[in-house]
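**Student:** Here you go, one structure.
Derivation of every value follows stated rules applied to the coordinates shown; laboratory data play no part. Quick caveat: nothing in here was measured; it's all calculated off a predicted structure. Note: ideal-geometry Cβ built from the backbone for every residue, glycine included; neighbour counts use all protein chains shown.
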Amino acid sequence: MAPLGSPAAPHKGFGLGLVFDALAGVLTGAAFGRDFPSEPATAGNAFFWMLNVEAFLPREEFLGRMEAQIDQVKAGERLADVDELFLPGERSDRRYRELTTRGTAPLSETTWEALTKALASLSIAQPPALADEPRQSDSELT
């Protein structure tokens, strides 16, 4: 499966992008196309679409077909230094499971600073187990 805009078909994905822009921008009354802001903090359009899968085929058949699609993606051709192909969200889901199994959670630098200030304003010492934990930047958490 070639990525959108691959060299073999650079036009691929334009139609899909146009449809999503129309749904999340034009239809919702938010910014779209060239009017879309470049700063994520000011971006605010969203679109939610719910489908009744069973209007198309039985749920179990759909789930089986989705598993087959996932298997195809996971079995795809890899570059020499790539051990595994990941689905969107798969790496963060694994990380979440690892951390919750350990009983920890990552905090961004911004969150850590806010927590530290709140504890200090209440004259509460940082828990010893947390004081030495390395902090992640906000961009590392996304």
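**Student:** Measure off 7 Å from each Cα along the Cα-to-Cβ vector at Leu27 and Val82, then give the distance between these two points in nanometres to one decimal.
**Tutor:** Placing both labels 7 Å along Cα→Cβ, they lie 3.1 nm apart.
**Student:** Tabulate in residue order the Karplus-calculated ³J(HN,Hα) for region 116-121, using 6.51 cos²θ - 1.76 cosθ + 1.60 with θ = phi - 60°, rounded to whole Hz; enter x for Gly and Pro.
**Tutor:** 4, 5, 5, 5, 5, 5
**Student:** Further question on the same structure: Can you sort Glu54, Glu109 so the residue with the fewest Cβ neighbours within 10 Å comes first?
**Tutor:** Fewest-to-most Cβ neighbours within 10 Å comes out as Glu54, Glu109.
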